[in-house]
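Here the structure is laid out as structure tokens; the discussion comes afterwards.
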Amino acid sequence: MNSVVKAIPDGLQALGSWAVNSVWRLGLVSRFLWVTLIHSGTSFRRFGLITREIYFVGVYSLIIIIVSGLFVGFVLGLQGYNTLQKYASEQALGLLVALSLVRELGPVVTALLFAGRAGTAITAEIGLMKATEQLSAMEMMAVDPIARVVAPRFWAGVISMPLLAAIFSIVGVFGGYIVGVVLIGVDEGAFWAQMQAGVDVFDDVLNGVVKSLVFGVTVTLIALFEGYDCNPTAEGVSRATTRTVVISSLAVLALDFVLTSFMLGGW
Amino acid sequence: MGSKTLDLCAGVFVFAGIVALFMLAFKVGNLSSFSLSSDNYVLYANFENIGGLKVRAPVKSAGVVVGRIAEIRFDNKEYVARVTLSLDNRYQFPKDTFASVLTSGLLGEQYVGLDAGGDSEFLQAGETIKKTQSAVVLEKLIGQFLFNQAEGDKK
């Protein structure tokens, strides 16, 4: 009885501190983004820094993006054909594959893979820099670690994400084409014609690009912040890496819902 | 790896991404079917019912896309739908051209079909097409069919 009475205020206290802590961290992230944006000028003047990070963030993610895109396209082709064939409208397969990729799967799956492949790398790298006091060493030499380390990675992520999503979508459409047209034998002309008639450049393609840009900012920011903010120990870095994947995946899925409802609402 | 190779790889990646974006716009999307030139002219057509016609739907003649729907408004004086057609300058149509709202396929998108008449004078920009046919509304068609059946039974 006594322990139950004691558990209630303890639980309330934990809940309260969790809520306050979350809001506090949100404020910290916003301030972190603001500082990063202010210090971006230097990294744009030294564009080589950004190119280097684009290489590590974008080029290294290419293999996983292309392979996943291809298989997602294969599966969409198979599943789509299976369902559309019931309504004798398998010509619409191209439209189905392209719309699902351009609108949803391209940006979302790319962002999730990007968080797993590039986000964790960023967090672990910055976390280790902090743990081995490289960031403090930079400050000692009057080099701002935000301008030298954080801002180039931020812009590399923001630039890479829409490009990766576009590559994912194109490879996926190609995968759907292989399964639908080459293997199953859907009419090739109808496949492309229905796709081009149904996919709108502004409503679908541009909205997909906007989504992937937003996801790029979100995932990169979370990865950078978790790395910069981690406890400078081995355990702290591993926890920060895990948090990067969990938080950025949840953020991407939640943001996707919000963005989709805006876009379908016709803004 | 030297910084030159690294820059090259990053450049190739960015280039591939931009190519993919353009392919999405042109090959997957419908950007290529927009007429990029601004030499269009405008015609109007009043329909009693446009069904599911949407802005930017194609205007076809003999199956060829000759323009797009620019605007759809409701005319509150005559209680009809006033559709603005933006047509390519290369195509001229006679005065007695017939405009109708058609559907491509059984469940496809709706478009405006133009059937050229035999008049020797052409429609000028800003003119209104006189002869129009509304979209086929399935419920009305079924209603008519049932009505005719009932009439037939009486006889």
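Condition check ((1) under 30 Å from B:GLY29 (Cβ atoms); (2) of a type in the set (Ser, Thr, Tyr); (3) outside any strand (DSSP E or B)) across all residues:
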site: B:GLU78; (1), (2), (3): no, no, yes
site: B:LEU85; (1), (2), (3): yes, no, no
site: B:ARG90; (1), (2), (3): yes, no, yes
site: B:ASP153; (1), (2), (3): no, no, yes
Q) Assuming A:TYR81 fulfils every condition listed in (1) loosely packed, with under 11 Cβ neighbours inside 10 Å; (2) over 19 Å from the mean Cα position of the chain (by Cα) apart from one, which condition is it? A) (1)
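Does region A:220-227 include one or more residues that are aliphatic (A, V, I, L, M), more than 22 Å from A:LEU93 (Cα to Cα), buried (at least 16 other Cβ atoms within 10 Å of the Cβ) and within 13 Å of chain B (Cβ to nearest Cβ)?
Initially, region A:220-227 is screened for residues aliphatic (A, V, I, L, M), giving A:221-224.
Cutting the leftovers down to more than 22 Å from A:LEU93 (Cα to Cα) gives us A:221-224.
From what's left, buried (at least 16 other Cβ atoms within 10 Å of the Cβ): A:221-224.
Narrowing further to those that are within 13 Å of chain B (Cβ to nearest Cβ): none.
Looking for residues that are aliphatic (A, V, I, L, M), more than 22 Å from A:LEU93 (Cα to Cα), buried (at least 16 other Cβ atoms within 10 Å of the Cβ) and within 13 Å of chain B (Cβ to nearest Cβ), one finds none in region A:220-227, hence no.
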Q) How many residues, within region B:1-15, are touching a Phe, Trp or Tyr at 6+ places or on another chain (Cβ under 8 Å) and more than 7 Å from every other protein chain (Cβ to nearest Cβ)? A) 0
Q. Of all residues in region A:153-190, which are in contact with a Phe, Trp or Tyr (Cβ under 9 Å, 6 or more places away or on another chain), within 30 Å of A:TYR228 (Cα to Cα) and more than 11 Å from chain B (Cβ to nearest Cβ)?
A. A:ARG153, A:TRP155, A:GLY157
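Are any residues in region A:163-209 assigned to a helix (DSSP H, G or I) and among the charged types (D, E, K, R), and if so, which ones? Full working, then the answer.
Start the filter on region A:163-209 by keeping residues that are assigned to a helix (DSSP H, G or I), which leaves A:163-184, A:188-198, A:201-209.
Of everything in region A:163-209, those that are assigned to a helix (DSSP H, G or I) and among the charged types (D, E, K, R) turn out to be A:GLU188, A:ASP203, A:ASP204.
Would you mention how many residues in region A:39-97 are of a type in the set (D, E, K, R) and in contact with a Phe, Trp or Tyr (Cβ under 7 Å, 6 or more places away or on another chain)? Give the steps one after another, and end with the answer.
Initially, region A:39-97 is screened for residues of a type in the set (D, E, K, R), giving A:45-46, A:52-53, A:86, A:90.
Those left that are additionally in contact with a Phe, Trp or Tyr (Cβ under 7 Å, 6 or more places away or on another chain): A:90.
Qualifying residue count, region A:39-97: 1.
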Q: Considering each of A:LEU49, A:LEU62 in turn, give the residue that is within 14 Å of another protein chain (Cβ to nearest Cβ), modelled with pLDDT under 90 and surrounded by 12 or more Cβ atoms within 10 Å (Cβ to Cβ).
A: A:LEU49
Q. Within region A:134-149, can one find any residue that is of a type in the set (Gly, Ala, Ser) and facing chain B (nearest Cβ under 8 Å)?
A. no
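The values are calculated or read from the model by the stated rules, or taken from the named source; none is laboratory data. Here the structure is a predicted model, which is why all the values come from computation and not from measurement. Here Cβ is always computed from backbone atoms with ideal geometry, including for glycine, and neighbour counts include all displayed protein chains.
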